[in-house]
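Below you'll find the structure, written out as structure tokens, and then a few comments.
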Amino acid sequence: MVLSIEQVHPAETVRDLDEAPLVRHSILPLPRQWGDLTFELRNHIEGWITVIRGSQTTDTGHPLLLADGWISPPREFGATAVLHSGLEQAEIALGRALADAVTVAACTTKSWDDNNRIAVAQEPGTSRWTAAWLHNGVPGFTGHDSWKAAQTDAAKQLDAMAGSFIVTGDTYTAAIASAHLRRCANQVRDQVLTAELGDVIRSHKEDMQNERRVTKIADGLGVQRPFLYRVFKGTEWVQ
């Protein structure tokens, strides 16, 4: 069977796929697990092949590069394979696939376009958090032990993206994109600071109620008393 680089193949139809050597070091350590999905890069006799095994509730497809850009056709099989024209393209494809999977589960997403975006999500079944991004189409990832650390790193990455040239096709759109991403970085920082404020308020809930100062504190915060009770309950100003 001759593989086309313009379509997603059922992995079981690719001859000797499982015998092809795994690439261990790439943009991310491989193979990589995300929930029920496994991402592989193999050095096959046909060329560099990305493999995605498993499924998730929301299918994010299997990325491949066509003449007019990246697309992610749906995965109609439990294990899919795509042949790429080179190693770099295959690495980017697999990075995009993982970034898409992270985005589906994300608590935080910020973007300018499909090639300049970031997402933060807790890794399924673990206490670990991941920040995943694309900067001018190139994927990147960091792992963290807490939501706060992942959010803080996401803000840092957004600042780095904003501080470099964003490929948009012209200079004034690039300037707008950079300003937007810089604002996104501050929005993510605000999420962290707001959650910290909520934690401080909740830690002093009993003091505020015993001293009948709930209304005064709410006034100082610029919110209504009922909102402050929602903060007490942990439905507002949380991570």
Residue check for L193: aliphatic (A, V, I, L, M) and touching a residue at least 60 places away in the same chain (Cβ under 8 Å): no
Test: residue in the range 73-95 that is part of a strand (DSSP E or B), of a type outside the set (A, V, I, L, M) and either over 27 Å from D18 (Cβ atoms) or touching a strand residue (DSSP E or B) at 6+ places or on another chain (Cβ under 7 Å) (or both): yes
Close pairs from the range 130-142: first under 14 Å from S111 (Cα atoms) and in a strand (DSSP E or B), partner of a type in the set (S, T, N, Q) and open to solvent by 10 Å² or more (accessible area, probe 1.4 Å), Cβ under 7 Å, at least 6 apart: A131/T142; A131/Q157; W133/Q157; L134/N115
Every pair of residues 6+ apart whose Cβ atoms lie under 7 Å, when the first sits in the range 18-36 and is modelled with pLDDT under 90 while the second is open to solvent by 100 Å² or more (accessible area, probe 1.4 Å): L30/R24
Where G234 falls short, out of the listed (1) small (G, A, S); (2) more than 30 Å from A162 (Cβ to Cβ); (3) open to solvent by 60 Å² or more (accessible area, probe 1.4 Å): (3)
The range 106-136 - residue that is of a type in the set (G, A, S) and under 8 Å from the mean Cα position of the chain (by Cα) and, of those, surrounded by the most Cβ atoms within 10 Å (Cβ to Cβ): A132
Of all residues making up the range 65-101, the number that are open to solvent by 60 Å² or more (accessible area, probe 1.4 Å), touching an Asp or Glu at 6+ places or on another chain (Cβ under 9 Å) and among the hydroxyl-bearing types (S, T, Y): 0
Top-ranked residue of the range 149-173 - restricted to ones that are assigned to a loop (DSSP other than H, G, I, E, B) and of a type outside the set (S, T, Y), ranked as surrounded by the most Cβ atoms within 10 Å (Cβ to Cβ): I166
Among (1) in contact with a Ser or Thr (Cβ under 9 Å, 6 or more places away or on another chain); (2) open to solvent by less than 30 Å² (accessible area, probe 1.4 Å); (3) in a strand (DSSP E or B) - the single one H62 does not satisfy: (3)
Filter result for the condition that a residue is open to solvent by 90 Å² or more (accessible area, probe 1.4 Å) and not acidic (D, E), over Q239, Q187, Q191: Q239
Residues of the range 198-214 classified as open to solvent by 70 Å² or more (accessible area, probe 1.4 Å) and either of a type in the set (A, V, I, L, M) or not in a loop (DSSP other than H, G, I, E, B) (or both), total: 8
Residues within the range 108-129 that are assigned to a strand (DSSP E or B), among the charged types (D, E, K, R) and farther than 22 Å from E88 by Cα, tallied: 1
Top-ranked residue of the range 1-56 - restricted to ones that are in contact with a strand residue (DSSP E or B) (Cβ under 8 Å, 6 or more places away or on another chain) and among the acidic types (D, E), ranked as least open to solvent (accessible area, probe 1.4 Å): E40
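The values are calculated or read from the model by the stated rules, or taken from the named source; none is laboratory data. None of the values given here were measured: they were computed from a predicted structure. Positions of Cβ are generated from backbone atoms using ideal geometry, with glycine treated the same way; all protein chains shown enter the neighbour counts. Surface areas here come from the heavy atoms of the whole protein model, side chains and all, with no ligands, DNA or RNA. Shrake-Rupley method; radii C 1.70, N 1.55, O 1.52, S 1.80 Å.
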